[in-house]
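Take a look at the structure set out below.
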Amino acid sequence: MLEKIREGANSKVFKGVLIFIALSFALTGVGGYITSQPEPAIAEVNGQDITRIEFDRAVDSERARQQQQLGDFYASLATDPAFNQQLRQRVLDDLINAKLIEMYANDLGLRVSDAQVIDAIRNISAFQVAGQFDNTTYQMTLRGLGYTPDSFAETMRSDLARSQLIQSLIRSEFALPNEAAAMQRLLNQKRSGAYRIIELDDYLAAVEVTDEQIQQWYQLNQQRFNVAEQVKVEFVALDADALADSIEIDETAVQEWFEQNKERYETSDQYRFAHILIDAEREDAEARAQEVLAQLTDGADFAAVAAEYSDDIFTSDNGGDLDFIEPGIMDPAFDDAAFALQEVGDMTGVVATSFGYHIIQLTDIERGQAANYDEVREEIVAQMRQDRLRQAYYELQQKVSTLAFDVPDTLQPVADETDVLVRTSDWFSRDNAPTALNHPAVFEQLFNRDFIDEGLNSDLIEVNDKQAVVVRVVDYQPAYVRPLEEVRAEVLNEVRTEQAQLAARIDAEAIAEQLRQGEATTQEMLTIESIERRDMTLPPAVVQSLFAQAVPAENSVQVAVTELAQGAIAVVQLTAVEPGEVDESIQSQLVDQLLISYTNQGYGTFLQALRDQADIKIRINTRSGAVEE
């Protein structure tokens, strides 16, 4: 395996991977541990299934991550089928990679202790409040994700085993200072030489082009004259923000709303508990719980007893503290007993739940508070404005939809009965659509032949949460190839240029050969004196050619012919190479960059080696999301 990794170390891999953060999958459903019925498999990796629920959770997590990263722009991407296919494919690849790494870690016998699992869970930021692990947040998050503490811990155990393996791989990579120095000498290298640019003007006048050459070039390059299908469209565009100025909020209405919704601005009493848990799997669990209760009844310190006897690994070291919790977070039997306590210091008897036997103590009460009108007025106004704007936009959508449907062959009634402007576009394709129509969902409608042939108004098409359009195609032009008669002048120019370049290149190659033979040339060569790769004074193609050539051997000439951006041909001769200077101040940074590069290559090659040796069966269509039987 390691030999294959080294052999493929130059393969193309994704950038920026330093550590495979396997823990991220713990919150996206890798494992599907709690489902009670068989889930359809979207892929099979060496005989092990990746279930649909795992895939869906991972997709949802990736969508949430991108939405947070991209903001409002995500809404337009999310309706693009190509974007969704890429997202599903990326998630599928990640799940397959995770499964392969987990299997390889198991084959190596990598194991993770309970203490490591506990420490990892405690350090997940999603379970922390003010930088500290919070058991209430932990329990609520797991419930929301559909995990039990045990199943989540096993998921974490698998993730940590994968992480162990990947850490060992990436930490085996290293970069040496002499490698960084060699790179600096290469990057900072200076080169000298000479060049000659052969312009095309002297050749163009001498070129004679036949009709046969024109016809042949046109036939070979017809794709350059393809014209995409185009439409002319009548449309209305709705924008929620455009309605904002019409929304008025009356002070009396704000006050009435506050009076009717005061409970929203009141906090209820908060209760803090500590508990001692005796795991139900113990043979003498109930008897042990009764023994603990007896010690507490006799006056033993609750925190000290929790530290000694509690099986709750997350709270035993903290006196059994559960922090402030709300009803519904814990097991119903736990809630019933805990919230029946009235005074701080009160303690329950032994309470049986699905987790085991608890003894619960009420440790603190924070009384609720109510905000006054002035404190929340601006919040209420903002909420009322948002609600009324949403309602006004919804009503406008409904009205426009009804009018467009009732009179389906024109949008004029929409203009007559609303303030929405009906616009008619010029010809456009998918590549140059008006801004209001530049959206995949709109294109799907506009370039649908059945819809075009009907010539009727579309349904309301929602572009995002705040914008929508109704469209009607008023004219359509199919895709076509521009005829030769229309593009003859352009083709003639292309043929003449190609012929001139061919003639210029022949002369350039002759000059290059003269230089290789040590003969004098009839063309004057311009000197290049000690330039760097970043030189901006010469044409980029000349600089690129100079630095692409091998260092000339003794008593030999290194020369090349290249084409410039404008079509001219250049002869470039390399005569001298000066090693670059090493800047010691950036050596450390460059070593780090090399290490990152080596790590990316090694990790990517490791994954590819695992995939090459694996039996992977894909059953999901990433374009549609459907699972194939």
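The values are calculated or read from the model by the stated rules, or taken from the named source; none is laboratory data. Every value quoted in this text rests on a predicted model; they were computed, and no experiment measured them. Glycine also receives a Cβ, built like all others from the backbone with ideal geometry; neighbour counts cover every protein chain displayed. The area values use the complete protein model at the heavy-atom level, side chains included, leaving out ligands, DNA and RNA. Shrake-Rupley method; radii C 1.70, N 1.55, O 1.52, S 1.80 Å.
Quick notes on this one:
- Pair list, Cβ < 7 Å and 6+ apart or interchain, from the stretch 134-153 residues that are on the phi > 0 side of the Ramachandran plot to residues that are outside any helix (DSSP H, G or I): 146/34
- Any hit, the stretch 156-172, residues being among the acidic types (Asp, Glu) and either more than 13 Å from residue 101 (Cα to Cα) or surrounded by fewer than 17 Cβ atoms within 10 Å (Cβ to Cβ) (or both): no
- Of all the numbered requirements in (1) open to solvent by less than 70 Å² (accessible area, probe 1.4 Å); (2) modelled with pLDDT under 95, residue 565 misses one, and that requirement is (1).
- Residues of the stretch 396-426 that are out of contact with any Leu (no Cβ under 9 Å at 6 or more places or on another chain), touching a residue at least 12 places away in the same chain (Cβ under 8 Å), over 21 Å from residue 438 (Cα atoms) and of a type in the set (D, E, K, R): 399 alone.
- Pair list, Cβ under 8 Å, 6 or more apart: the stretch 232-248 residue more than 20 Å from residue 464 (Cα to Cα), other residue part of a helix (DSSP H, G or I) and open to solvent by 40 Å² or more (accessible area, probe 1.4 Å): 247/385; 247/388
- Residues that are acidic (Asp, Glu) and not in a strand (DSSP E or B) were ranked within the stretch 341-393; the one that is nearest to residue 266 (Cα to Cα) is 375.
- Checking residue 172 against (1) under 20 Å from residue 313 (Cα atoms); (2) not in a helix (DSSP H, G or I), the condition it does not meet: (1)
- Options 307, 300: the member that is more than 24 Å from residue 367 (Cα to Cα) and part of a helix (DSSP H, G or I): 307
- Total residues in the stretch 110-126, condition farther than 12 Å from residue 137 by Cβ, assigned to a helix (DSSP H, G or I) and of a type in the set (Gly, Ala, Ser): 2
- Residue list for the stretch 340-357, restricted to those being within 44 Å of the chain's Cα centre (by Cα) and at negative phi: 353, 354, 355
- If you check 239, 211, 150 for being assigned by the TED database to the domain that holds residue 429 and open to solvent by 40 Å² or more (accessible area, probe 1.4 Å), only one passes: 239.
- Odd one out for residue 325, checked against (1) β-branched (Val, Ile, Thr); (2) at pLDDT below 90; (3) more than 23 Å from residue 134 (Cβ to Cβ): (3)
- Restricting attention to the stretch 415-445 and to residues that are touching a Ser or Thr at 6+ places or on another chain (Cβ under 8 Å) and assigned to a helix (DSSP H, G or I), the residue that is most open to solvent (accessible area, probe 1.4 Å) turns out to be 445.
- Test: residue in the stretch 525-541 that is at pLDDT below 95, crowded, with 18+ Cβ neighbours inside 10 Å, over 14 Å from residue 197 (Cβ atoms) and of a type outside the set (Phe, Trp, Tyr): no
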